[in-house]
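Report on the structure given below.
The values are calculated or read from the model by the stated rules, or taken from the named source; none is laboratory data. Because the structure is predicted, anything quoted here is derived from the model rather than measured. Here the Cβ positions follow ideal geometry from the backbone for every residue, glycine too, while neighbour counts run over all protein chains shown.
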Amino acid sequence: MDEDSSTPFAAVVEPVEPVPPRNTVVIPRTPGPLRPLGEGEHAGDELDELIDEVFGPTTAEGPGVFDVVLVIAGAGLIAWSFVSGGAGPWFAIGVGLIILGVALPARTLLRAAGARRAARRDNRILRAGTALDISDPVVGALAGSYDTLVHAAQLPGVSVGAASVEAGHAALLEVASLLGGRPPLNDEERAYIERRTGAIRDLAGQLMKTSRAWQRARLHDGTDVTAEAREHAAAIVQAREALEADTGVGALDELERIRTQLREASGHGGEPGHGGEPGHGREPGRDGA
């Protein structure tokens, strides 16, 4: 099916504005997480799969004269079916021809609309920040270390989280202004980026250590325990006591059993200290007798 600009379907295929490359992230204007481009691609992939299931596998060909012929022939068969009183399979054949005729134009329109939506979404993200090409592993490592820093800054016990993210954000902007949206070109630029990657990674690691130390110290301080945590602890104690009462198995039962055994062995019915342990029947003060 050759594309023919004179056909009615060719006129509705609008040009699609270029979509930025998917190996680009956007640094927001204010300190915060990086935003990858193409966030809606997964939904677009599902739509493409649905289109392929309905209209068949993807093809690079555009709508052409043959599609117009199919639609016209299908419409003619449907009209003939009505004229002839609905006898014969002409109505069903006509519907099938129309579906075949509109399949490729419909696919083209849907894909073009999806591409335009993706382009507009990505362009909005780009206008809200600064583009950073992460196709080079060195720049990718920088973006990854910044993501780790943003996560570490939100951990409990970290008091300088906002300042840390602000410093990392400034380092990203320095790299973005150096590269201007392109990958690094030489070793000097890569070394410039790696110094900032190392500094961000080290700061993120220190924030994690600070959070772990704070949490360890908190285990020895009950003043910061929430009411929910206290209720949870109380519920666990009650459940354990109920289980021991039902089964008769527990450390307390074993302690009481041994104590009772000692009392019975002493023959006095008193505490273990009065009659001694089993096998020691002599009374105090009569050792020398």
> Hey, any hits in region 137-154 for a residue that's outside the structural domain of Val25 (by TED's automatic domain parsing), within 13 Å of Pro31 (Cβ to Cβ) and not in a helix (DSSP H, G or I)?
Replying inline: yes
>> If I filter region 129-169 down to residues being under 13 Å from Gly32 (Cβ atoms) and small (Gly, Ala, Ser), which single residue comes out as modelled with the lowest pLDDT?
In response: Gly129
> When residues of region 178-194 are filtered for being within 32 Å of the chain's Cα centre (by Cα), among the aliphatic types (A, V, I, L, M) and either outside the structural domain of Ser145 (by TED's automatic domain parsing) or farther than 17 Å from Val26 by Cβ (or both), how many remain?
Replying inline: 2
> Looking at (1) in a helix (DSSP H, G or I); (2) of a type in the set (Val, Ile, Thr); (3) within 16 Å of Pro31 (Cα to Cα); (4) more than 23 Å from the chain's Cα centre (by Cα), which is the one condition that is false for Thr210?
Replying inline: (3)
> When Leu126 is evaluated against the numbered criteria (1) modelled with pLDDT of 70 or more; (2) more than 25 Å from Leu207 (Cα to Cα); (3) in contact with a Pro (Cβ under 9 Å, 6 or more places away or on another chain); (4) assigned to a helix (DSSP H, G or I), which criterion, by number, is the only one it fails?
Replying inline: (1)
> Can you name the residue in region 168-223 that is β-branched (Val, Ile, Thr) and surrounded by 11 or more Cβ atoms within 10 Å (Cβ to Cβ) and, of all such residues, is nearest to Ala131 (Cα to Cα)?
Replying inline: Val175
